[in-house]
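Asker: This is the structure I have questions about; it appears just below.
The values are calculated or read from the model by the stated rules, or taken from the named source; none is laboratory data. Just so it is clear, the structure is predicted and the values come from calculations on it, not from any experiment. FYI the Cβ positions are ideal-geometry reconstructions off the backbone, even for glycines, and counts take in every protein chain you see.
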Amino acid sequence: MTAELLTRARMNEQLQPLKKQPRVGKASHSGTQDDVVYAHIFDAILEQRLAPGTKLSEEALGEIFGVSRTIIRRALSRLAHESVVLLRPNRGAVVASPSVEDARQIFYSRRLVERAITELAVEHATAEQLAELRQMVADEQASFSRGDRGAGIRLSGEFHLKLAEAAKNAPLISFQRSLVSQTSLIIAQYESGSRSHCSYDEHNQLIDAIEARDAVKAVSLMMHHMDHIDSKLNLDEDSASDDLHAVFSHLLQTKKKAPRSAAPR
Ligand SMILES: [Zn+2]
């Protein structure tokens, strides 16, 4: 069992009190109450169900999720830390809406960072880290196969974070964390259709090259991978909603139908 799976198993153990909450959604939504709220909002943004610029009212969200405003505030603060949500003084939180120019700058930085990370990962990645990376790609593929696009995009991002860890350079890890969250938002906002943004085949090929300690090939694969993500963005698309109750209507319905417990997922 990988460290990641162990962590998840532990988080599931801690989840007991939440079973009384109207907790619906993706299998990955486990952990504390603010983790659950965080994951639901993050998914709604990534799946383009919440439009950029939407006001995230603490009161409305508290009502929808059946939790206190303190918990909502904690979840929003975490989303803000990842630049997915903006906290405006005295005016509350809104879904971030990176401009086309923001997107271009973030992608430019992402390329530089990914190149450095790939070179260092070729040098430093351990067998255990490579095995973890392969497991993550399998999880990512499974998410897209069952149509869970939000989880798929999140796992794709986590793959790139795990790779950054394998590079063993703390400033790069920190920079990558911020870039990956922002890239996820841009992809969700601008990617056209239902195509997955990170090809898990490309992730697998990348692991092969890193395992073979072939820096030239690994960097070349990573740059192609970045090109593909870039080329799938449609900078005109706009299809999400700004109505909180409509976006989370499945939660409200379940709350009415099953007040005592949600089915385990
Ligand atoms: Zn990727």
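Every residue, every condition in (1) within 14 Å of the ligand (Cβ to nearest atom); (2) part of a helix (DSSP H, G or I); (3) modelled with pLDDT of 80 or more, yes or no:
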site	(1), (2), (3)
210	yes, yes, yes
225	yes, yes, yes
237	no, no, no
255	no, yes, no
262	no, no, no
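Asker: Then there is this: Quick check: is even one residue across the range 189-198 crowded, with 18+ Cβ neighbours inside 10 Å, at pLDDT below 75, within 16 Å of the ligand (Cβ to nearest atom) and of a type in the set (D, E, K, R)?
Answerer: The answer is yes, given that some residue of the range 189-198 is crowded, with 18+ Cβ neighbours inside 10 Å, at pLDDT below 75, within 16 Å of the ligand (Cβ to nearest atom) and of a type in the set (D, E, K, R).
Asker: Something else now. How about the range 98-139: which of its residues are among the polar types (S, T, N, Q) and either in a helix (DSSP H, G or I) or surrounded by 15 or more Cβ atoms within 10 Å (Cβ to Cβ) (or both)? Talk me through it step by step, then tell me what you get.
Answerer: Step one: list which residues in the range 98-139 are among the polar types (S, T, N, Q), which gives 99, 105, 109, 118, 126, 129, 135.
105, 109, 118, 129, 135 - these are the residues of the range 98-139 that are among the polar types (S, T, N, Q) and either in a helix (DSSP H, G or I) or surrounded by 15 or more Cβ atoms within 10 Å (Cβ to Cβ) (or both).
Asker: Do you know which residues across the range 165-224 are more than 15 Å from residue 116 (Cα to Cα) and aromatic (Phe, Trp, Tyr)?
Answerer: The answer is 190, 200.
Asker: Report whether or not residue 159 is without any contact (Cβ under 8 Å) to a residue 60 or more places away in the chain, of a type in the set (Phe, Trp, Tyr) and not in a loop (DSSP other than H, G, I, E, B).
Answerer: Spelling it out, residue 159 is indeed without any contact (Cβ under 8 Å) to a residue 60 or more places away in the chain, of a type in the set (Phe, Trp, Tyr) and not in a loop (DSSP other than H, G, I, E, B).
Asker: Determine whether residue 186 is over 25 Å from residue 103 (Cα atoms), surrounded by 16 or more Cβ atoms within 10 Å (Cβ to Cβ) and more than 12 Å from the ligand (Cβ to nearest atom).
Answerer: In short, no.
Asker: Report, by residue number, each residue of the range 65-78 that is among the small types (Gly, Ala, Ser) and either more than 17 Å from the chain's Cα centre (by Cα) or surrounded by fewer than 17 Cβ atoms within 10 Å (Cβ to Cβ) (or both).
Answerer: Going residue by residue through the range 65-78, those that are among the small types (Gly, Ala, Ser) are 66, 68, 75, 77.
Listed by number, the residues that qualify are 66, 68, 77.
Asker: Which of the following residues is surrounded by 16 or more Cβ atoms within 10 Å (Cβ to Cβ), at pLDDT below 80, among the aliphatic types (A, V, I, L, M) and within 26 Å of residue 103 (Cβ to Cβ): 229, 153?
Answerer: 153 is the lone residue from the list that is surrounded by 16 or more Cβ atoms within 10 Å (Cβ to Cβ), at pLDDT below 80, among the aliphatic types (A, V, I, L, M) and within 26 Å of residue 103 (Cβ to Cβ).
Asker: Looking only at the range 73-126, how many residues end up being of a type in the set (A, V, I, L, M, F, W, C), within 30 Å of residue 36 (Cβ to Cβ) and out of contact with any strand residue (DSSP E or B) (no Cβ under 8 Å at 6 or more places or on another chain)?
Answerer: So the count comes out to 2.
Asker: So residue 163 ticks every box in (1) more than 16 Å from the chain's Cα centre (by Cα); (2) modelled with pLDDT of 95 or more but one. Which box is left unticked?
Answerer: The single condition residue 163 does not satisfy is (1).
Asker: Quick one: how many residues across the range 42-60 are out of contact with any strand residue (DSSP E or B) (no Cβ under 7 Å at 6 or more places or on another chain) and under 25 Å from residue 190 (Cα atoms)?
Answerer: Summing the residues that are out of contact with any strand residue (DSSP E or B) (no Cβ under 7 Å at 6 or more places or on another chain) and under 25 Å from residue 190 (Cα atoms) in the range 42-60 gives 5.
Asker: Check the range 79-88 and report whether any residue there is assigned to a loop (DSSP other than H, G, I, E, B) and either more than 18 Å from residue 182 (Cβ to Cβ) or over 17 Å from the mean Cα position of the chain (by Cα) (or both).
Answerer: Taking the range 79-88 first, the residues assigned to a loop (DSSP other than H, G, I, E, B) are 82-84.
Now restrict to residues that are either more than 18 Å from residue 182 (Cβ to Cβ) or over 17 Å from the mean Cα position of the chain (by Cα) (or both): none.
No, the conditions are met nowhere in the range 79-88.
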